[in-house]
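See below for the structure under consideration.
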Amino acid sequence: DQQVKQNSPSLSVQEGRISILNCDYTNSMFDYFLWYKKYPAEGPTFLISISSIKDKNEDGRFTVFLNKSAKHLSLHIVPSQPGDSAVYFCAASTGGTSYGKLTFGQGTILTVHP
Amino acid sequence: GAVVSQHPSWVICKSGTSVKIECRSLDFQATTMFWYRQFPKQSLMLMATSNEGSKATYEQGVEKDKFLINHASLTLSTLTVTSAHPEDSSFYICSATVLQGAETQYFGPGTRLLVL
């Protein structure tokens, strides 16, 4: 049972435009959500997170939105840059930030064209 | 930032042999390490959680006798795939954390295992 789903395997965007990556989850016990970025031959690196008590968190060009009623979160990258091209994973956990057990989505390959 | 290494980066072995994968935190002491596996076009699936000096906690459905995890020091955890079979072929990735909290989980680059 896939509790965290990223239904778009890939996304292609022009440099300077907005990239929107989506993620859906089914487990209502999840209360903390994270986005990771992964380059080839490297491990995932933490990008941004959001607690279930919030509906938006912003960090520079990256904004994560959480819609708890729809069990949906999205990552917005504005403006997109070629260096943003990577695989993006969303992940979820229970128990707030006090425990690192993560459930991951399948990942979305983002390609930003110059 | 904190660096986690894995060795080897890829390995090919014959069916029935055992393979050991190392995960090291290079510039910090990891209280907890996690082991994941990823099949093609699927998500990273948590296999087990290991704390230094204690037995690993395995996720449901993961055979602890097949995937032996040892976390003997604060900088090293090993995953041994015993009597490997072709269905064990996968991408294995570890992560390490020094503090409680998902944000502080640092991932290694992964190990690609191919069992012939």
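The values are calculated or read from the model by the stated rules, or taken from the named source; none is laboratory data. All values derive from a computational prediction rather than experimental measurement. Reconstructed Cβ throughout: ideal geometry from the backbone, glycine too, with neighbour counts over all protein chains shown. With ligands, DNA and RNA removed, areas are computed over all heavy atoms of the protein, side chains included. Shrake-Rupley method; radii C 1.70, N 1.55, O 1.52, S 1.80 Å.
Where the accessible area of the protein assembly as shown is counted over protein heavy atoms with a 1.4 Å probe, how much of it, in %, is carbon and sulfur?
53 percent
If the elastic network links every pair of Cα atoms under 10 Å, which of A:S52, A:S69, A:S93 fluctuates the most in the Gaussian network model of chain A?
A:S69
Based solely on C-alpha atoms, express the radius of gyration and the Dmax of the range A:53-114 in angstrom.
13.3, 41
In Å², nearest 100, what accessible area do chains B and A bury in total when the solvent probe is 1.4 Å?
Buried surface at the B/A interface: approximately 1600 Å².
Round to a whole angstrom and tell me the spacing of the C-alpha centers of the range B:1-54 and the range A:48-113.
Each part reduced to its Cα centre gives a spacing of 24 Å.
When only alpha-carbon atoms count, how far does chain A stretch along each of its three principal axes, as whole angstroms with the largest first?
Extents along the principal axes, in whole Å: 40, 28, 23.
Would you mind checking the pairs A:K37/A:K101; A:K38/A:K71; B:K20/B:K41; A:K37/B:K14 and listing those with alpha carbons more than 29 angstrom apart?
Those over the limit are A:K37/B:K14.
Which of B:Q42, B:Q29, B:Q105 moves most in a GNM of chain B, Cα contacts under 10 Å?
B:Q42
Using Cα-Cα distances under 8 Å and only pairs 6 or more residues apart, what relative contact order does chain B have, in percent?
The normalised contact order for chain B reaches 37 percent.
Please work out how much length the chain gains when fully extended from B:L68 to B:E87, using 0.36 nm per residue of separation minus the C-alpha to C-alpha distance, in nm with one decimal.
Contour length minus Cα-Cα distance gives 5.2 nm.
What is the gain in length, in nm to one decimal, between A:I53 and A:S74 on full extension, counting 0.36 nm per residue of separation less the C-alpha to C-alpha distance?
Stretched fully, the A:I53-A:S74 segment lengthens by 6.0 nm.
Would you mind getting the accessible area per residue of the protein assembly as shown, heavy atoms of the protein chains only, 1.4 Å probe, in Å²?
49 Å²
Starting from the Kirkwood Rh over alpha-carbon pairs, what translational D in µm² s⁻¹ does the protein assembly as shown have by Stokes-Einstein at 20 °C and 1.002 mPa s?
Stokes-Einstein gives a translational diffusion coefficient of 118 µm²/s.
Report, please, the projected area of chain B averaged over directions, based on the convex hull of its C-alpha atoms, in nm².
Projected over every direction and averaged, the Cα hull of chain B covers 6.8 nm².
Dipole of the range A:25-114 (Lys/Arg Cβ +1, Asp/Glu Cβ -1, origin at the Cα centre): which of A:G83, A:P44, A:H72 lies farthest to the positive side?
Value computed over the given set: A:H72.
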